[in-house]
Amino acid sequence: MPDFATFVFEQLPPPPQRVIEIGCGWEGGLVEPLAARGYDVLGVDPQAPEGERFVRAEFQEMKGSWDAAVAGRMLHHVEPLGESLDYLASLASLLVVDEFAWNRIDAAAQEWYEQQHRILRAAGADPIGPATLDEWRERHPDLHPDDVLLRELRARYDERVFERIPYMHRWLGGPSSEALEQSLVDAGAFPAIGYRWAGSARTSTTFSSAASR
């Protein structure tokens, strides 16, 4: 499965274009790879790194316009969702997203993930994800499920790409976790937990929250 950077490069127009990455995190997200490709890129996050390509702020505080926005695994946290997506659509005409459909983790997916986590720990690895998903859910009660986020995105953007992808291997980090998860998703053992999406903002439309219709 191609990584998110590859997906982003496939969706963006050729450089030079102005790109804003929202929620780039303390590691800087895709800002440096985008800059290396020739894009005029800015990373925005309250915990963004130091540097001329980064701003420590919420994206709702930004002023200006960009050709594209990139959002990796952060929109399911955003509140208020509708108003924030309205503002994001006004900042950039193209949005490219990597997301986490946490609500699609069913009993089979949870059992497989937690078993893999135990196996990796027993082998001396240190997976970055939680050991138990029930405890993780208790600590994250307010995340947006994928149907809500997709509905709100589709209310503001014309969808260009939508694809379901494995996700839990990112938490596990084992040498064969991705291939194993992909094979189980392909076999129908449990659903794909991640997804990637791209859409073009409807600039002629007055946005309103789909949830309020």
Item to complete: Quote to one decimal, in nm, the extra length available between Ala187 and Ser200 on full extension: 0.36 nm per residue of separation minus the C-alpha distance between them.
Response: 1.4 nm
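Order the following by accessible area, largest value first: His140, His169, His117. Probe radius 1.4 Å; ligands, DNA and RNA are ignored. Before the final figure, lay out the partial values.
Working: His140 55, His169 30, His117 10 Å².
Per-residue accessible area, sorted high to low, gives His140, His169, His117.
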Item to complete: Go through segment 173-183 residue by residue and turn each phi into a ³J(HN,Hα) via Karplus (6.51, -1.76, 1.60, θ = phi - 60°); whole Hz please, and just put x for glycine and proline.
Response: x, x, x, 10, 4, 5, 4, 5, 4, 4, 5
Worksheet item: Classify segment 1-102: rounded, prolate or oblate, from the alpha-carbon gyration tensor (a ≥ b ≥ c, eigenvalue square roots; a/c under 1.5 rounded; otherwise prolate if a/b is larger than b/c)?
Response: rounded
Discussion item. Skipping prolines and chain starts, which residues have an amide H placed within reach, meaning under 5 Å, of the one on Ala48, given they are 5 or more residues away or on another chain?
Written reply: Ala57
Worksheet item: Suppose R0 equals 22 Å; then what is the FRET efficiency for Asp147 and Glu79 from their Cβ-Cβ distance, rounded to the nearest 0.05?
Response: 0.80
Discussion item. About the Cα centre, and with charges only on the beta carbon of Lys, Arg (+1) and Asp, Glu (-1), how big is the dipole of segment 19-74? Nearest 20 debye, please.
Written reply: 100 debye
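Sum -39500 (n - 2.57) across every DSSP H segment of at least 4 residues in the chain, then divide by the residue count to get the 222 nm mean residue ellipticity, nearest 500. All intermediate terms of the calculation are to be shown ahead of the outcome.
Numbers: 8 runs with 72 residues, N = 213.
Value at 222 nm, helices only, nearest 500: -9500 deg cm²/dmol.
Place a +1 charge on the Cβ of each Lys and Arg in the chain and a -1 charge on the Cβ of each Asp and Glu, then give the dipole magnitude about the Cα centre in debye, rounded to the nearest 20. Show your work: numbers first, answer last.
On the way: 20 positive and 34 negative charges, 77 e Å.
For this selection, approximately 380 debye.
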Response to the item:
Note, segment 156-167: 3J(HN,Hα) by Karplus (6.51, -1.76, 1.60, θ = phi - 60°), whole Hz, Gly/Pro = x, goes 10, 10, 7, 5, 9, 9, 8, 9, 7, 9, x, 9
Fill in: Protection-proxy order for peptides 128-136, 78-86, each taking the mean of Cβ atoms within 10 Å per residue, highest first
78-86, 128-136
Item to complete: Taking 7 Å along the Cα-to-C-beta vector as the label spot, tell me the Asp3-Ser65 distance in nanometres, rounded to one decimal.
Response: 3.3 nm
Worksheet item: Out of these labelled values of Rg and Dmax of the Cα atoms in Å, [x] 17.0, 56; [y] 15.9, 50; [z] 17.8, 56, which was calculated from the coordinates shown here?
Response: [z]
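The values are calculated or read from the model by the stated rules, or taken from the named source; none is laboratory data. Note that the structure is predicted; figures quoted are calculated from it, not measured. Quick reminder, even Gly has a Cβ in these numbers, built from the backbone with ideal geometry, and neighbours come from all protein chains shown. With ligands, DNA and RNA removed, areas are computed over all heavy atoms of the protein, side chains included. Shrake-Rupley method; radii C 1.70, N 1.55, O 1.52, S 1.80 Å.
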